[in-house]
Amino acid sequence: MKKLLILALLSSSVFAGKTLDAIKKRGNLKCGVSTGLPGFSFPDSKGNWKGIDVDFCKALSIAVFGNASRVKYVSLNAQQRFTALQSGEIDVLSRNTTNTLTRDTSTGLNFTTPLYYDGQAFMVRKKSGITSAKQLNGASVCTQQGTTTELNVSDYFRANRMKLKPVVFESNDEVVQSFVKGRCDALTTDASGLASERSKFKNPEDFVILPEIISKEPLAPAVRQGDDEWFDIVKWTMFALIQAEELGLNSKNVDSFKKSKDPRIKRFLGRTPGVGKSIGLDEKWAYNVVKLLGNYGEIYEANIGINSPLKLKRGLNSLWTDGGLMYSPPFR
């Protein structure tokens with residue numbers, strides 16, 4: 001019995017531990033992304049990965065290497081994503097994935113600070129005349145297998161005493177194409193995902209996203225449990241993006257703050273030592289992230305903001321000073 005217990009403990013921690021050392025030795029960061037979701041993570045016509053999830057991978061690469069290009073992107077579907085992280089195939093999962101209690105406790109993973117606060121919604125054809133999710137009683141709804149989306153839509157229909165005809169597929173592409181071809185009355189996933197998919201349609205104006213938000217979907221990067229150092233680096237890299245925006249630092253002006261006497265800025269830029277050594281990085285890691293990539297607002301607007309094809313308002317993803325949920329603990 002004792003031998004079995006020791007083996008179980010060893011097997012559960014085979015891939016935990018010195019993640020940062022392994023990344024440095026390998027020379028790149030292995031980042032799990034989606035199979036292709038515009039605005040979040042998708043390959044362009046030249047095969048270059050783009051999106052806000054991708055930019056977070058770049059931020060981590062800059063924090064570790066001082067270079068945004070030291071990333072190997074691993075495309076994963078919903079069924080593959082957790083296994084890939086658990087097995088050590090990837091170092092971090094940055095793939096529009098919702099943090100839930102069971103995922104954060106029973107999968108051997110730790111979720112960090114949300115990169116995007118979202119909520120599940122429905123999309124229908126404009127010609128259907130449907131203007132509210134409450135009108136979907138008896139409707140067929142396309143959704144993806146093995147996701148929180150599948151569970152949430154069932155809960156919503158049950159709570160509102162409506163009849164649901166689920167049309168479930170394994171891959172997101174199958175779900176979307178089935179909706180486009182008319183195999184279901186509505187498509188449901190995160191509201192941002194609906195906006196992303198609609199942007200790819202031939203006639204996006206023919207489709208409407210209904211106003212109801214039926215769930216909380218904090219989309220957050222995840223790492224394996226058992227390596228606090230790497231968890232801290234991933235978590236504080238996200239905080240650095242937020243803190244930079246709060247301090248007014250961006251990729252274009254950050255150098256003009258090098259002589260600032262503001263103690264908060266001096267610490268953040270590494271002029272006052274401490275923010276690097278405490279998590280095993282260079283003292284200028286946060287400065288490098290802002291200089292080479294930008295702050296949270298910059299990467300948001302570039303990928304999914306009002307002037308992007310997705311046209312998503314900041315909303316909950318505004319800074320706390322603007323009524324949103326984006327808030328960083330002090331850099332000290």
How are the Cα pair distances of the chain distributed, in percent, across 20 Å bins from 0? 30, 54, 16, 0
Cα point-scatterer Debye curve for region 120-215, base-10 log of I(q)/I(0) at q = 0.15, 0.18, 0.21, 0.26 Å⁻¹: -0.49, -0.73, -1.03, -1.71
Restricting to Cα pairs under 8 Å and 6 or more apart, the percent relative contact order of region 120-215 works out to 48 percent
With charges only on Cβ, +1 for K and R and -1 for D and E, what is the dipole size of region 81-146 about its Cα centre, in debye, rounded to 20? 540 debye
Among S328, L37, V289, the residue whose Cα sits farthest towards the positive end of the charge dipole of the chain (+1 at Cβ of Lys and Arg, -1 at Cβ of Asp and Glu, taken about the Cα centre) is V289
Cα lying deepest toward the dipole's positive end in the chain, options V54, F111, S260, charges on Cβ: S260
Compute the relative contact order of the chain as a whole-number percentage, counting only Cα pairs closer than 8 Å that sit 6 or more residues apart in sequence. 21 percent
Among I213, G182, C142 the positive-end extreme of the charge dipole of region 120-215 (Cβ point charges): G182
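Got a number for carbon plus sulfur as a percent of the chain's accessible area, 1.4 Å probe?
Details: 8290 of 15870 Å².
Carbon-and-sulfur percentage of accessible area, whole number: 52.
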If you count only protein heavy atoms with a 1.4 Å probe, what accessible area per residue comes out for region 120-215, rounded to a whole Å²? 50 Å²
Considering the chain as a Gaussian network with a 10 Å cut-off on Cα pairs, which listed residue, D21, D232, D282, attains the greatest mean-square fluctuation? D21
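The values are calculated or read from the model by the stated rules, or taken from the named source; none is laboratory data. Just so you know, these numbers come straight off a predicted model, no measurement behind them. Positions of Cβ are backbone-derived with ideal geometry, glycine not excepted, and every protein chain shown enters the neighbour counts. Keep in mind that these areas ignore ligands, DNA and RNA; they rest on the heavy atoms of the full protein, side chains included. Shrake-Rupley method; radii C 1.70, N 1.55, O 1.52, S 1.80 Å.
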